[in-house]
Amino acid sequence: MIAIICHDAGGAEILSSYVKREKIECFYVLDGPAKNIFSRKLGNIETTTLEVALQKCSKIICGTSWQSDLEWTALKKAKKAHIPAYSFIDHWCNYNDRFIRHGEEVLPDEIWVGDKTAYDIAQECFNNSLIRLKENPYFLDLYSEVSEIEKKENFSTIQKGVNILFVCEPLSEHAEKSYGDPKHWGYDEFDALEYFFKNLHVIGTPINRIILRPHPSESPCKYNQIIKKLDPTPMLGGEKSLLEEIASSDIIVGCASMAMIVGLIAKRRVISAIPPQGLSTKLPHSEIEYITNSETE
């Protein structure tokens, strides 16, 4: 059997959709946000430890994480035990960092990616690795799920202006863990929020509401203090699913979040809030608008 090993939300969305679509029997080694995501899609599943899974499985399929060493450790142990290992990359940034811990790089036997852009990036980063382009199972699910949500809900009620969803990311935590500097990229999540709110004029239309959605790995209380300082005051989201909040919004704003790509799939206007001093962590999707192209400050 296959062992599915995952911690972070992005990889969990892809691998849970993969398991569901392929109807495969697995050992599950899950931690962090991955637990809730797999349960939401697959129901009540039984998890096991990495050690037990490696003893019993014929191969492993991993996500990639910055929050955890789980997948990196699994790759290292699988390599030592001569167990074939595959990693599905769920994003378009920081590819090399995903496989390096404590200065040591451990690569799988194959790296899987879900679109041509990701494939090209992976080819540049991993010259000696086998890169395989697969249909992104999470995206396939999204196309049908967004359509179903919009059929069930009536979002056409009269409103004063557009609804905005700001998808947060724990940028400072990622930078601190990986580089020892919470502002390694020249900004953090709070800088991005303040920058966006200072430049709301780029929206070009009146605003009805702004929802602030914390990342699955963040505490809902994390943004309490900054919410009080922002004008207009945003609402705190996250109680509904990401798809429901995207479907009820006209504009999706973030920095380099997978949720922004979900917004594109849902045919929403998507805007990046990376400040001018932000280093190159941009998503390589031409449909995304950048405040720096419009702001006048």
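The values are calculated or read from the model by the stated rules, or taken from the named source; none is laboratory data. Since this is a predicted model, take the numbers as computed values, not measurements. Quick reminder, even Gly has a Cβ in these numbers, built from the backbone with ideal geometry, and neighbours come from all protein chains shown. Ligands, DNA and RNA are excluded from the accessible area calculation, which covers all protein heavy atoms including side chains. Shrake-Rupley method; radii C 1.70, N 1.55, O 1.52, S 1.80 Å.
Points worth noting:
- Just one of the listed residues (Y179, Y187) is buried (at least 18 other Cβ atoms within 10 Å of the Cβ) and over 18 Å from G10 (Cβ atoms), and it is Y187.
- Odd one out for D141, checked against (1) within 25 Å of A175 (Cβ to Cβ); (2) out of contact with any strand residue (DSSP E or B) (no Cβ under 9 Å at 6 or more places or on another chain); (3) touching a residue at least 12 places away in the same chain (Cβ under 8 Å): (1)
- Within region 225-242, residues that are without any contact (Cβ under 8 Å) to a residue 12 or more places away in the chain and at negative phi reach partners that are of a type outside the set (D, E, K, R) and open to solvent by less than 100 Å² (accessible area, probe 1.4 Å) with beta carbons closer than 7 Å, at six or more positions or on different chains, in the pairs T233/I227.
- For K20, the stated conditions do not hold, so it cannot be described as free of Cβ contacts under 8 Å to residues at least 40 places away in the same chain and assigned to a helix (DSSP H, G or I).
- Scan of region 116-133 for residues that are within 18 Å of the chain's Cα centre (by Cα) and buried (at least 16 other Cβ atoms within 10 Å of the Cβ), ordered by number: A118, Y119, I121, A122
- Criterion (surrounded by fewer than 18 Cβ atoms within 10 Å (Cβ to Cβ), at pLDDT below 90 and touching a strand residue (DSSP E or B) at 6+ places or on another chain (Cβ under 7 Å)) met by exactly one of P232, P220: P220
- Selection over region 46-67 of residues that are farther than 17 Å from P137 by Cβ and either modelled with pLDDT of 95 or more or over 20 Å from the mean Cα position of the chain (by Cα) (or both) gives a count of 15.
- Of all residues making up region 190-217, the number that are in a loop (DSSP other than H, G, I, E, B), touching a residue at least 60 places away in the same chain (Cβ under 8 Å) and open to solvent by less than 60 Å² (accessible area, probe 1.4 Å): 3
- Matching residues in region 77-118 - criterion: being over 22 Å from H174 (Cβ atoms), assigned to a strand (DSSP E or B) and not hydroxyl-bearing (S, T, Y): A85, E110, W112
Conditions tested, residue by residue: (1) open to solvent by 20 Å² or more (accessible area, probe 1.4 Å); (2) farther than 25 Å from H102 by Cβ.
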| residue | (1), (2) |
| --- | --- |
| A34 | no, no |
| S39 | yes, yes |
| L42 | yes, yes |
| T49 | yes, no |
| S58 | yes, yes |
| D69 | yes, no |
| K77 | yes, no |
| A81 | yes, no |
| Y86 | yes, no |
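- Which listed residue, of I149, I89, I83, is under 20 Å from E13 (Cα atoms) and at pLDDT 95 or above: I89
- Listed by first and then second residue, the pairs with beta-carbon distance under 7 Å, at least 6 apart or on different chains, first residue in region 268-297 and over 18 Å from F190 (Cα atoms) and among the β-branched types (V, I, T), second open to solvent by 80 Å² or more (accessible area, probe 1.4 Å) and modelled with pLDDT of 90 or more, are V270/E287.
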